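Report on the following structure.
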């Protein structure tokens, strides 16, 4: 067991599910009931005609645990597809964050300057605050938040990761 | 105006159940399910067995399902009716028993309002059912029932719950037959043929093989058990069974090593430990089987056949896995074996069997005989000897008596052994026996019980009497929660904290109070007499046997120990007090 603990890795898993009541509770309950990690989880309908939602889960664990997570997800009746984007080839992942910075004077100017470097857009503004929208990989969003901290950061709202495989093939 | 094609939800429900082959429902009425009970009274296709507690309804349906291979059916009301059923559902989930449990619910417009007898039962049962549904539209009712039965019986079987708001069963809607209901849930049943060929090669090359077979083979069906028996006999390899697998391979066959695991035989556990090829069919490397994981069968190549991919590589990493239904996979294995006519290493196999015979020589199930006090093992052996010609169905409760029954009964046929393995539910046996007897009215159905377990669902005696179900209950009364007492003696310094009940009912009078027959044996020379008397009565019987309170179940793999570190008996105290922690894992 002990040698397996050391090779814990982060995986991004895409799950296609029936968009029905309780399906998210099933997935979350599975993770909490079996003691798996959830680092991020997003869900939204992706196909209104087929009534399907896509859940993107970022989790971490040993090879055996990640296998278990995928097999346990496949066991759920409303789950149709489970894909481990991390091992199935190249993929892109993004998250969006809304970040509220309250400051005046020099700090306010500096916040705007850094936002520009990160291509974050100010989508709300008052005389003493901005709300920035920043989109990117998790690391970029985190870097931006860190830089905003001394400049009057007061509130953060993040979507969590959405991801999709590169290339022409669907899930 | 009522459209002539429509039916009420209750009518749709019963028609769907009949179309799904339901002939018996175990249930208990209440406010939210009154429209369904009203409809039940107007028909005679489905028999209703009125239980005395909803937990028992679920165990009875489990007994029905496990002894027939069909899906068991339960009907209870909302709120407390549904929550009382939860233990039974969790039990069925652990032991993969196909059930459909129908629960009443408050009308849809009251859901979420903390209405009278409202409980969020789909929320409560999400982790302890295979799947569950809340039906909100009468037109979806038939489709939901058909899919529920399909899910319950397909793949790895399990309990499915359907929550039925009162207005949904009162409103009118359209019926949809099973033939027009398609489900997206279709688990893989055929195994990958390349993996099967590799497995056959590995099996044929074995020098010290062992078949390790579990309840999955029984769930797969009688055909799977026959194929397994054929395959094991073709190879001439030894075979051990898990608690849930007993009966999948004939107990009287010389290739059978007995049950394995915490209270398994020496030959079964040592064969598992020393083997070079392990063939796991339909078992799940449960902690009660493996003992300490890092010492589990250290030198073997492991093959694992299971219909549930999540069972594979869960506790034990295996070398070769085959996902599929046991019957299909074993059938393919036999075909490949016959086609290849593999040369097995006869010399190595002879040496392996010689080793196994040495372990068998330890006679690990022996116990000290007594002519003054009834040894529980003796009671079970006599029960078996005096009833085996009638091929009885044996149910058990949970505890020492369960382990002695598993060790000493050598059942030859599948579907005749019913016990709560995964969840370990005290109070399972009596209601399960009720379900078995309902399905097999003329069969001999015996519940082997302890005096503590039996009191968990003793109220079902009334059900037995009301429905003329002549179940025979044999209580081994040792005045203690025996397994708790055993662990306290061996692991907690013989401090018997709360495991002794100072007061028990007079079980003979209790049986009589329910309208059943009560018998008692206090000395070994009375055992045969009460069993014979019990068999002569065509009514429910409680037989109380006053047994030796100090007897423990051996062999025993103490928590945290390995297969080759068994404690053989009371005199073998070399491995006492192993401590409760190993490798940072607390063991239960």
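Quick rundown of the values:
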{"read-out": "Paramagnetic label zone (point 7 Å from Cα along Cα-to-C-beta, residue A:7; backbone N under 18 Å) in region A:48-76", "value": "A:60-70"}
{"read-out": "For B:416-426, mean number of other protein chain Cβ atoms within 10 Å", "value": "0"}
{"read-out": "Cα-based helix-to-principal-axis angle, B:346-360 vs chain B, degrees rounded to 10", "value": "80 degrees"}
{"read-out": "Cβ-based exposure ranking for A:125, B:154, in which fewest neighbours within 10 Å come first", "value": "A:125, B:154"}
{"read-out": "Net length gained if the chain between residue A:45 and residue A:91 were fully extended (0.36 nm per residue, minus Cα distance)", "value": "14.5 nm"}
{"read-out": "Residue exposure sequence - B:374, B:124 - by fewest surrounding Cβ within 10 Å", "value": "B:124, B:374"}
{"read-out": "Computed lengthening from residue B:108 to residue B:347, 0.36 nm per intervening residue step minus Cα-Cα distance", "value": "79.0 nm"}
{"read-out": "Shielding by partners, peptide A:68-79 (average Cβ within 10 angstrom, other chains)", "value": "5"}
{"read-out": "Helical contribution to [θ] at 222 nm, DSSP H n ≥ 4, -39,500 (n - 2.57), averaged over chain B, rounded to 500", "value": "-10500 deg cm²/dmol"}
{"read-out": "Neighbour-count order for A:130, A:31, fewest beta carbons within 10 angstrom listed first", "value": "A:31, A:130"}
{"read-out": "Mean separation of Cα contacts under 8 Å, 6 or more apart, over the residue count of region A:1-114: relative contact order %", "value": "34 percent"}
{"read-out": "Relative contact order [Cα under 8 Å, 6+ residues apart], chain B, whole percent", "value": "14 percent"}
{"read-out": "On Cα atoms only, tilt of A:23-33 relative to the major axis of chain A in degrees", "value": "80 degrees"}
{"read-out": "In degrees, nearest ten, helix A:138-148 long axis to first principal axis of chain A (Cα)", "value": "30 degrees"}
{"read-out": "Helical contribution to [θ] at 222 nm, DSSP H n ≥ 4, -39,500 (n - 2.57), averaged over chain A, rounded to 500", "value": "-9500 deg cm²/dmol"}
{"read-out": "Contact order relative to length of region B:193-360, as percent, for alpha carbon pairs under 8 angstrom and 6 or more apart", "value": "29 percent"}
{"read-out": "FRET efficiency, residue A:122 to residue B:201 (Cβ-Cβ, R0 60 Å, nearest 0.05)", "value": "0.35"}
{"read-out": "Rounded FRET efficiency, nearest 0.05, which uses the C-beta distance separating residue B:388 from residue B:503 and R0 of 30 Å", "value": "0.25"}
{"read-out": "Average partner coverage of B:148-160, which counts Cβ from other chains inside 10 Å", "value": "1"}
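Coordinate-derived values only; no laboratory data. Bear in mind the structure is a predicted one, so any value in this text is a computation, not a measurement. Cβ sites come from the backbone with ideal geometry, for glycine too, and all protein chains shown count toward neighbours.
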